1. Report, in deg cm²/dmol and to the nearest 500, the calculated mean residue ellipticity at 222 nm for the chain, where each DSSP H run with n ≥ 4 adds -39500 (n - 2.57) and the sum is divided by the residue count.
2. Taking just the alpha-carbon atoms of the chain, what radius of gyration and Dmax come out, in angstrom?
3. State the answer as a single residue: which of 196, 166, 341 lies farthest towards the positive end of the charge dipole of the chain, with beta carbon charges of +1 for Lys and Arg and -1 for Asp and Glu, about the Cα centre.
4. Hand me the GluC sites (Glu not before Pro) from segment 240-289 located in a DSSP loop with no more than 13 other Cβ atoms within 10 Å, in residue order please.
5. What do you get for trypsin sites (Lys or Arg not before Pro) in segment 249-292 restricted to DSSP loop and a cutoff of at most 14 other Cβ within 10 Å of the site's Cβ?
6. What lysines does residue 238 reach when the alpha-carbon gap must be under 18 Å and sequence neighbours fewer than 8 apart in one chain are set aside?
7. Determine by what factor the alpha-carbon radius of gyration of segment 92-167 differs from 2.2 N^0.38 Å, reporting the quotient.
8. Return one number: the angle in degrees, 0 to 90 and rounded to the nearest 10, between the long axis of the Cα atoms of helix 93-128 and the longest principal axis of the Cα atoms of the chain.
Amino acid sequence: MKRVRLLALAMFVASLAGCGQSQQPAPPPPPPAVGVQLAETKGVTPSYAFVGRIKAVNTVQLRARVEGFLEKVLFTEGQHVRTGDLLYQIEKTQYRAAVDQANANLAAAEAVELNAQLQFNRSVDLVKTQAVAQTTLDQNRANLESAKASILQNKAAIAIAQENLSYTDIFSPIDGRIGLTTYTQGNLVNAASGVLATIVSDDPIYVEFPVSNRQIADIRSAHNQDNGEPINIKVLIKLANRKEYAHPGMWNYIGNQVDQQTDTLLVRATLPNPERQLVDGAFVTVEVKESEEQPRLVIPRSALLLDQAGTYVLVVDKDHKVALKRVTTGQAVNTEIAIASGLEAGDAVIVDGVQKVRPGQVVAATVIQPAAGAER
């Protein structure tokens with residue numbers, strides 16, 4: 001019995017000790033750690049990037065204007081041709097014969113006109129002596145006028161025949177690069193045959209790209225061209241391999257109608273293309289840079305967050321609490337983005353650990369320095 005009493009007493013003391021331990025509160029968890037960067041003002045050269053398409057200044061589709069068999073194709077597909085180069089020859093025999101026939105008809109009409117003139121002159125003299133009737137004079141006058149009209153008709157026929165003969169030679173109307181020929185030597189061609197070949201000019205050349213109304217206003221303001229005059233700004237091109245094109249172009253045209261679906265205007269720039277690197281129809285990246293560095297408040301682009309109300313960032317205030325700030329963004333510059341409003345220089349913007357915090361929460365912030373030599 002004594003042993004039972006001692007065992008019960010021990011169990012009672014142990015239970016009291018356990019109850020005392022369970023009543024002590026657990027220590028609070030440490031505040032979540034986040035990484036921040038300070039918003040700072042930097043001198044940057046803002047730029048605007050657009051997706052553009054190369055377009056030839058002139059595009060000419062060669063077509064046959066008369067019917068005949070192709071006697072010669074006088075170019076190599078893909079070669080560069082110059083204005084006035086002979087490209088195709090259509091058989092000339094029937095068209096030379098038409099010219100000769102028209103000249104013969106003219107000669108005959110001139111002979112008829114000469115005879116009509118002589119008869120009319122005789123009638124004028126004879127009617128004075130009443131040797132011929134007035135009606136004869138009138139008839140001879142009509143014959144003379146008809147002969148003159150016949151000469152005019154035959155001269156017009158000669159012009160048409162000579163023009164048709166000239167159409168048997170097809171020349172290049174522009175400088176440029178010629179494509180594939182649709183018809184080869186010996187084939188019958190006519191006006192219904194369609195395009196024989198296409199020539200596109202390649203130096204200079206256009207690049208066309210859509211720009212929003214807001215961006216056009218910003219670019220005009222940055223380049224002091226707010227007077228509504230045509231914009232005259234240099235543009236740079238990046239090729240498909242991301243290399244910068246060696247020859248800057250000149251932005252010199254803005255469309256006169258806004259695309260209702262995208263709220264953009266078509267913009268065109270002219271580029272020199274001496275090496276023929278730019279090809280009609282190719283996609284390129286168009287970059288417009290401001291002429292001088294401008295002070296901008298910038299933060300890392302990774303700090304931007306988006307919800308239904310718009311763009312915002314999370315910052316850590318002086319009490320180590322998370323705060324939400326709505327911002328208006330400006331131009332993106334590589335890995336950073338300019339902030340037009342909503343932040344001040346020195347604000348600690350959360351860039352690491354943003355997913356595990358919420359506004360009003362106390363955090364342990366560590367300042368992360370931007371990588372040395374980062375692009376701007």
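1. -9500 deg cm²/dmol
2. So, for the chain, Rg and Dmax equal 43.9, 185 Å respectively.
3. Of the listed residues, the answer is 341.
4. 275
5. Hits after loop and neighbour filter: 276.
6. 55, 289
7. It is 1.50.
8. Helix 93-128 sits roughly 50 degrees off the main axis of the chain.
Values quoted throughout were computed directly from the atomic coordinates according to the rules given, and no laboratory measurement underlies them. Only a predicted model underlies this, so the values are computations on that prediction, with no experimental measurement involved. Virtual Cβ from ideal backbone geometry, glycine too; neighbours counted across all protein chains shown.
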